[in-house]
1. When the Karplus curve 6.51 cos²θ - 1.76 cosθ + 1.60 is applied with θ = phi - 60°, which whole-Hz ³J(HN,Hα) does each residue of the stretch 43-53 get, with x for Gly and Pro?
2. Using only DSSP helix segments of four residues or longer, with each worth -39500 (n - 2.57), what per-residue ellipticity at 222 nm results for the chain after dividing by its residue count and rounding to 500?
3. Among 40, 52, 29, whose Cα lies farthest out toward the positive end of the dipole of the stretch 1-52, if unit charges sit on the beta carbon of Lys, Arg (+1) and Asp, Glu (-1)?
4. Of the accessible area of the chain, with the probe set at 1.4 angstrom, what percent is carbon plus sulfur?
5. Hey, what's the Cα Rg ratio for the chain versus the globular rule of thumb, 2.2 N^0.38 Å?
6. Apply 1/(1 + (r/R0)^6) to the Cβ-Cβ distance of residue 23 and residue 43, taking R0 = 35 Å, and write down the FRET efficiency to the nearest 0.05.
7. Could you give the size of the charge dipole of the chain about its Cα centre, using +1 on the Cβ of each K and R and -1 on the Cβ of each D and E, expressed in debye and rounded to the nearest 20?
8. Where does the charge balance sit around residue 32 when Lys and Arg score +1, Asp and Glu -1, over other residues with C-beta under 15 Å from its C-beta?
Amino acid sequence: MEKAKKQSDKQLIASLEKEVQDLRKQLDNQFQLVAVVKKSMIKLTICLRQFLI
């Protein structure tokens, strides 16, 4: 019984570690997307300022 519990705990830990890795990848992708959007907004702002001047 104890052996089965330890195995179950190990599986749960492995599953949670995988989930954390996946969430970190998603977060990294979102940070990259935010960076791209920010750069695009800066370029757009510069273009609009030149157009309006």
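1. 4, 5, 4, 4, 4, 5, 5, 5, 5, 7, 7
2. Numbers: 1 runs with 51 residues, N = 53.
Taking each H run of at least 4 residues, the total per residue is -36000 deg cm²/dmol.
3. Value computed over the given set: 52.
4. Values: 3520 of 5490 Å².
Looking at the chain in its full context, I get 64 percent from C and S.
5. Details: Rg = 22.9 Å, N = 53, 2.2 N^0.38 = 9.9 Å.
Taking the Cα Rg and dividing by 2.2 N^0.38 Å, one obtains 2.30.
6. Working: r = 31 Å, r/R0 = 0.88.
The value I calculate is 0.70.
7. Working: 11 positive and 6 negative charges, 40 e Å.
Using only the charged Cβ atoms, the result is roughly 200 debye.
8. Numbers: positive: 24, 25, 38, 39; negative: 28.
Here the charged neighbours net out to +3.
The values are calculated or read from the model by the stated rules, or taken from the named source; none is laboratory data. Source: prediction; values computed, not measured. Backbone-built Cβ (ideal geometry, glycine too); neighbour counts: all protein chains shown. What goes into the accessible areas is simple: the full protein's heavy atoms, side chains included, and nothing from ligands, DNA or RNA. Shrake-Rupley method; radii C 1.70, N 1.55, O 1.52, S 1.80 Å.
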